[in-house]
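Here is the structure we will look at, set down as structure tokens.
The values are calculated or read from the model by the stated rules, or taken from the named source; none is laboratory data. Being a predicted model, the structure only gives us computed values, none of them experimental. Note that we place each Cβ from the backbone using ideal geometry, even for glycine, and neighbour counts take in every protein chain shown.
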């Protein structure tokens, strides 16, 4: 998982918007790469936090009902804010309750940053150029990491549940190995689904 933030002087936001930044999911990889370079040139600072699958699994599987993926993302957001130290922080809320997501982020900030104004909204990456820019930086970093993993494990597609190539890779891997590779989150709902499929297939063969 990758979370990114960008620090901009408010006088440069218009210049940022003029680059054409938008929600990273609405852009092609080539366009994202071009925009990422422009963002880095314009930004006062860029901050990126990455979490590996094992840490995600620990939080989702062992840290209790309230400490799920949204909790981890909020913690990562707080790390980015702590690094950038803005007066205002605009974040894309992953929690269904925007206010709760904000409060979770605030709970992780050090005392000297409790006065920061945090604006937590759904689809903020479509409303605020600075959040769009952060989403582009995070997506480019993720794509780079995935490209590196493909060179080691073969072409497993995008790594998203909507990609048939990713699902085929997971099913094929599990048929020939006792466990999934370390790049896979064991807490992923898709993994449980594949395990059920394989178990059902085994029962039919008996």
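Does residue 180 meet the test of being in contact with a strand residue (DSSP E or B) (Cβ under 6 Å, 6 or more places away or on another chain), over 17 Å from residue 2 (Cα atoms) and surrounded by 13 or more Cβ atoms within 10 Å (Cβ to Cβ)?
For residue 180, the condition - in contact with a strand residue (DSSP E or B) (Cβ under 6 Å, 6 or more places away or on another chain), over 17 Å from residue 2 (Cα atoms) and surrounded by 13 or more Cβ atoms within 10 Å (Cβ to Cβ) - is not met.
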Q: Among what's in segment 1-55 and is within 16 Å of residue 124 (Cα to Cα) and touching a strand residue (DSSP E or B) at 6+ places or on another chain (Cβ under 6 Å), pick the residue that is surrounded by the fewest Cβ atoms within 10 Å (Cβ to Cβ).
A: 7
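Here is a yes/no grid of residues against (1) assigned by TED's automatic domain parsing to the domain that holds residue 9; (2) within 26 Å of residue 12 (Cα to Cα); (3) touching a strand residue (DSSP E or B) at 6+ places or on another chain (Cβ under 7 Å); (4) in a helix (DSSP H, G or I):
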site: 76; (1), (2), (3), (4): yes, yes, yes, yes
site: 102; (1), (2), (3), (4): yes, yes, yes, yes
site: 118; (1), (2), (3), (4): yes, yes, yes, no
site: 140; (1), (2), (3), (4): yes, yes, no, yes
Q) Which of the residues belonging to segment 59-81 are more than 16 Å from the chain's Cα centre (by Cα) and closer than 23 Å to residue 93 by Cβ? A) 63, 64, 65, 66, 67
Q: Please enumerate the residues belonging to segment 156-187 that are free of Cβ contacts under 8 Å to residues at least 12 places away in the same chain and either within 25 Å of residue 25 (Cβ to Cβ) or part of a helix (DSSP H, G or I) (or both).
A: 160, 162, 163, 164, 165, 166, 168, 172, 173, 176
